[in-house]
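Structure first, commentary second.
The values are calculated or read from the model by the stated rules, or taken from the named source; none is laboratory data. Keep in mind it's a predicted model, so treat the numbers as computed, not measured. Ideal geometry is used to build each Cβ from the backbone, glycine not excepted, and the neighbour counts take in all protein chains shown. Only protein heavy atoms, including side chains, enter the accessible area calculation; ligands, DNA and RNA are left aside. Shrake-Rupley method; radii C 1.70, N 1.55, O 1.52, S 1.80 Å.
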Amino acid sequence: MQRRTLLASLTAGALSAAAAHAAAGFVTTPDNRRLACIDRGAGKPVVFVHGWSLGSAIWTLQTDWLAAQGLRVVAYDRRGHAGSDKPADGYDFDTLAADLAAVLDQFDLRDVTLVGHSMGAGEVARYLAHHGSRRIARTMLVAPTTPFGLKTADNAEGVDRTVYDRLVAALEADPLAYLTAGAPGFFGANAEPEMVEWGLAIARQASVPALVKCLRAFSETDFRADMRAFTLPTLIVYGTGDAPLTAANVARTAAAIAGSRVEPYEGAPDGLFLTHPERFNRDLLAFVRSV
């Protein structure tokens, strides 16, 4: 039902590129950048950290529904993405984690369920490692890129740097073609055109330098030491229809987080919270209320 409602809105043009982001306000980072934020509802807070190239609007099927269940929902656009400032620098995970800390601190959020999708899982990991868990009650990782994506002498399960070099070259050569080619992996091969165009409209708001630097950051940053900071209840969800690398990341991430629980979504793609919103929202709500 939620997905059909969103599709109806897309077809009617209610979520055009200009309307894809609906910010409640802005948070200022330690280096004086503005992050556009969504803040809905009241109650226990759930904070969403979106994946590479996207923005807070990608959580549309979660924000209003969860708010209606008595939760407060906060989501923000990563620097360089959607409605946030697009500086030339600050795309390393230390800075990105400080940005997340600014959101949590300026909204003064406590007892938070922190949800990180794809690249966002790295921000969650680095935040916990550098800023601690005093504001956090539990964590949910969706199709995580942790713990370390790059193949090195001590990380044989990673991907060769030459593969990432080719991805960066393709992104720089034709950003729109690169984003469009990646859409089936995110939305699934049989996604509705309206849904795909809506997602691309969000992604097209990101600056290309930010996309390049973030791609480098999430593929080359080693989070293996950070994983020790996950001392709270952690739920990991992913789609079995996602790229094989995601399943490998999930297995390694789960092994690094004691007591974590893994929930596979059979056949789902990377953006499973859009393709399977009813199940995803129920799982998240149950997780928030379980501990």
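Given points 7 Å out from each Cα along the Cα-Cβ axis, report the E172 to R289 separation in nanometres with one decimal.
Modelled inter-label distance: 5.1 nm.
What is the Cα radius of gyration of segment 228-277 over 2.2 N^0.38 Å, N being its residue count?
This ratio for segment 228-277 stands at 1.16.
Under 17 Å Cα to Cα from K151, which aspartates and glutamates show up? Leave out anything in the same chain fewer than 8 places away.
D160, D165, E220, D222
Kindly provide the pair-distance distribution of segment 125-174 built from C-alpha pairs, with 10 Å bins from 0 and whole-percent values in order of increasing distance.
With 10 Å bins starting at 0, P(r) equals 20, 31, 32, 17, 1.
Computed over the Cα atoms of segment 65-105, what is the ratio Rg over Rh, Rh following Kirkwood?
Details: Rg = 12.9 Å, Rh = 11.7 Å.
That ratio equals 1.10.
Using the Kirkwood radius over C-alpha pairs as Rh, can you work out the diffusion coefficient of the chain via Stokes-Einstein at 20 °C, viscosity 1.002 mPa s, in µm² per second? Before the final figure, lay out the partial values.
Numbers: Rh = 18.8 Å.
Here the translational diffusion coefficient equals 114 µm²/s.
Please work out the Cα convex hull volume for segment 190-264 and give it in Å³ per residue.
Taking the convex hull of the Cα positions in segment 190-264, it is 134 Å³ per residue.
Testing the spin-label approximation: label points 7 Å from Cα along Cα→Cβ at A251 and D31. State their distance in nm.
About 3.7 nm, to one decimal.
So who's got an amide H within less than 5 Å of the one on G25, skipping anything under 5 residues away but keeping other chains? H placed 1.01 Å off N, in plane.
The list, which skips near neighbours in sequence, is C37.
Counting only heavy atoms of protein chains, what accessible area per residue, in Å², does the chain have with a probe of 1.4 Å?
39
Round to a whole number: what % of the accessible area of the chain belongs to carbon and sulfur, probe 1.4 Å?
Carbon and sulfur atoms account for 54 percent of the accessible area of the chain.
When the Kirkwood hydrodynamic radius is evaluated over all pairs of different C-alpha atoms of segment 154-285, what value in angstrom, to one decimal, is obtained?
Details: mean 1/r = 0.0603 Å⁻¹.
In segment 154-285 this quantity evaluates to 16.6 Å.
Quick one: which residues, 5 or more positions from V262 or on another chain, have an amide H under 5 Å from its amide H? H modelled 1.01 Å from N in the peptide plane, none for Pro or chain starts.
It is I236, by chain and number.
By per-residue mean of other Cβ atoms within 10 Å, what is the highest-first order of 182-193, 125-136?
Order by mean packing, descending: 125-136, 182-193.
If I build a Gaussian network model for the chain, linking alpha-carbon pairs within less than 10 angstrom, which residue out of G259, G120, G51 has the largest mean-square fluctuation?
Highest fluctuation of the listed residues: G259.
Whole-Hz Karplus ³J(HN,Hα) for segment 121-138, in order, using 6.51 cos²θ - 1.76 cosθ + 1.60 and θ = phi - 60°, x for Gly and Pro?
Result, rounded to whole Hz: 5, x, 5, 4, 4, 5, 4, 4, 5, 9, 10, x, 10, 5, 9, 10, 9, 7.
Can you check what the Kirkwood hydrodynamic radius comes to for segment 46-169, Cα pairs only, in Å to one decimal? Intermediate results must be reported in sequence, preceding the final value.
Values: mean 1/r = 0.0646 Å⁻¹.
Every distinct Cα pair counted, the radius reaches 15.5 Å.
Using Cα centres only, tell me the gap between segment 81-109 and segment 130-156 in whole Å.
Segment 81-109 and segment 130-156 have Cα centres separated by 17 Å.
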